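The values are calculated or read from the model by the stated rules, or taken from the named source; none is laboratory data. Not measured: the values here are computed from a predicted model. Neighbour counts are summed over all protein chains in view; Cβ atoms, including those assigned to glycine, are modelled from backbone coordinates with ideal geometry. Surface areas here come from the heavy atoms of the whole protein model, side chains and all, with no ligands, DNA or RNA. Shrake-Rupley method; radii C 1.70, N 1.55, O 1.52, S 1.80 Å.
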Amino acid sequence: MIVQINYKGIQPTATVERFLETKARKLSRFTRSFPEDAVQLRANVEHQTHKDIFIASLVLSFPQKTLTA
């Protein structure tokens, strides 16, 4: 699985990287029937300073489907 992590308004930290990698590993057990390079996980982590909130979105792309959370 190809994992891409994008940050906006926040500096990447080792804690966030480890957390996202752990979650990606858990998802990878469901993608074993697909080729390694056919599945992509894109994570966007954003910090909105005017409300002091964090937003994370995930997109898991398969060859024929896309799941968004």
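Using DSSP to call loops (not H, G, I, E or B), can you name the trypsin sites (Lys or Arg not before Pro) in the stretch 27-64 whose Cβ has at most 14 other Cβ atoms within 10 angstrom?
Working: sites: R29, R32, R42, K51; in loops: R29, R32, K51.
Hits after loop and neighbour filter: R29, R32, K51.
Residues in the chain average 77 Å² of solvent-accessible surface per residue, probe 1.4 Å, ligands and nucleic acids excluded.
Per residue, the convex hull spanned by the Cα atoms of the chain measures out at 85 cubic angstrom.
Restricting to lysines 8 or more places apart or on different chains, can you count the pairs in the chain with Cα atoms under 22 Å from each other? Eligible lysine pairs with Cα atoms under 22 Å apart amount to 4.
In whole percent, how big is the carbon plus sulfur part of the accessible area of the chain, probe 1.4 Å, protein atoms only? Roughly 55 percent, rounded to a whole number.
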